[in-house]
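One structure below.
The values are calculated or read from the model by the stated rules, or taken from the named source; none is laboratory data. These numbers come from a predicted model, not from an experiment. We place every Cβ from the backbone using ideal geometry, glycine too, and count neighbours over all the protein chains shown. Heavy atoms of the whole protein, side chains included, go into the accessibility calculation; ligands, DNA and RNA do not. Shrake-Rupley method; radii C 1.70, N 1.55, O 1.52, S 1.80 Å.
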Amino acid sequence: MRYATSITALLLLVTTAGVASAQGTNNDTDANRRQAAKEYLEVQPVEKMMRNVVEKTSARMPGGSKERAQAVMDELRYDTLRTAMIDAMANTFTVEEIEALTQFYSTPEGRSVMKK
């Protein structure tokens with residue numbers, strides 16, 4: 001009887017641990033993807049990304065100037081862009097993918113890639 005009770009307790013422990021472990025790893029929820037996207041945008045701020053795009057695009061256009069680039073930058077609504085980027089990332093990527101992007105762009109190599 002004692003042996004049966006020990007086996008039952010062990011099976012219950014293993015089953016419960018498996019369920020808890022599965023719940024712990026299933027963090028790919030919309031809320032978690034949005035939080036991960038916000039953390040990504042702390043590493044790669046919208047303003048910095050857009051400034052890079054506008055400056056490079058303006059430099060390639062005929063008559064491109066720093067003044068024109070600045071005029072475009074002044075018209076951008078960063079809060080709207082930030083919200084759109086969070087929505088797009090949360091709808092496209094998993095939490096793990098967003099975290100991998102954040103980790104990569106936190107490295108010197110990732111920052112170099114973004115500059116280029």
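Assorted remarks:
- For the range 74-91, the set of residues classified as in a loop (DSSP other than H, G, I, E, B) and surrounded by 11 or more Cβ atoms within 10 Å (Cβ to Cβ) consists of Leu76 only.
- Filtered residues of the range 92-116 (kept if in a helix (DSSP H, G or I), in contact (Cβ under 8 Å) with a residue 40 or more places away in the chain, open to solvent by 60 Å² or more (accessible area, probe 1.4 Å) and over 14 Å from Pro45 (Cα atoms)): Glu96, Glu99
- Listed by first and then second residue, the pairs with beta-carbon distance under 8 Å, at least 6 apart or on different chains, first residue in the range 39-62 and open to solvent by 70 Å² or more (accessible area, probe 1.4 Å), second part of a helix (DSSP H, G or I) and among the aromatic types (Phe, Trp, Tyr), are Glu47/Tyr78.
- The single residue among Ser21, Ser58 that is modelled with pLDDT under 75 and either more than 10 Å from the chain's Cα centre (by Cα) or among the basic types (Lys, Arg) (or both) turns out to be Ser21.
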